[in-house]
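S.K.: Mind looking over this structure? Questions follow.
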Amino acid sequence: SSSNSKLCPACGCSGMNPGDALPNETIEIEFQKLITGIWSLDNENKSINRSFVCKNFKSAIEFINEIAKIADSDDINHHPDIHLTGYRNVTINLYTHSVKGLTTFDFKLAKAIEEVKVDFSPKWLKENPSNNILAKANNL
């Protein structure tokens, strides 16, 4: 028998309650811990976002599937908004729906997402060299 107090108010899953939105000072500190130039913080400190172009559709789907595994893992259990447009353009939006802002869960998920290597579009990667550390090795 599970207790309703343990259900996430955002989606009703059995994950931990994320608590209140973080104050701006804490958001700024946590944002600085993320890889520089990869994420952006919206103007109101309500979400962190990342956009990039994959090599092809398959690469984009593989990346999204890896994020799904992380998001559903027991130690994360927090879900991003992921958008795939133009068959290979990926945008990730992180925020906690239940508080309409950022919590520690969002930064934990961002750090976990940073560990996933991406098969970027070579042209996009050349134009965005700060992402090189996140690129899959070229197996040409």
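S.K.: Return the total of residues in segment 55-104 being free of Cβ contacts under 8 Å to residues at least 24 places away in the same chain and in a helix (DSSP H, G or I).
M.R.: Of the residues in that region, 6 qualify.
S.K.: Can you find a residue in segment 120-136 that is surrounded by fewer than 16 Cβ atoms within 10 Å (Cβ to Cβ) and within 15 Å of the chain's Cα centre (by Cα)?
M.R.: For segment 120-136, residues surrounded by fewer than 16 Cβ atoms within 10 Å (Cβ to Cβ) and within 15 Å of the chain's Cα centre (by Cα): absent.
S.K.: Another question about this same structure. Quick one: which residue in 58, 6 is open to solvent by 70 Å² or more (accessible area, probe 1.4 Å) and at pLDDT 90 or above?
M.R.: Working: 6 fails: at pLDDT 90 or above.
Unique residue meeting the criteria: 58.
S.K.: Quick one: residue 126 ticks every box in (1) out of contact with any His (no Cβ under 9 Å at 6 or more places or on another chain); (2) in contact (Cβ under 8 Å) with a residue 24 or more places away in the chain bar one, so which box is it?
M.R.: With (1) out of contact with any His (no Cβ under 9 Å at 6 or more places or on another chain); (2) in contact (Cβ under 8 Å) with a residue 24 or more places away in the chain applied to residue 126, the lone miss is (2).
S.K.: Within segment 79-92, is there a residue that is more than 17 Å from residue 116 (Cβ to Cβ), among the hydroxyl-bearing types (Ser, Thr, Tyr) and open to solvent by less than 50 Å² (accessible area, probe 1.4 Å)?
M.R.: Checked segment 79-92: no residue is more than 17 Å from residue 116 (Cβ to Cβ), among the hydroxyl-bearing types (Ser, Thr, Tyr) and open to solvent by less than 50 Å² (accessible area, probe 1.4 Å).
The values are calculated or read from the model by the stated rules, or taken from the named source; none is laboratory data. Predicted, not measured: the structure shown is a model, and the values here were computed from it. Note: ideal-geometry Cβ built from the backbone for every residue, glycine included; neighbour counts use all protein chains shown. We work out accessible area using only protein heavy atoms, side chains counted, and drop any ligands, DNA or RNA first. Shrake-Rupley method; radii C 1.70, N 1.55, O 1.52, S 1.80 Å.
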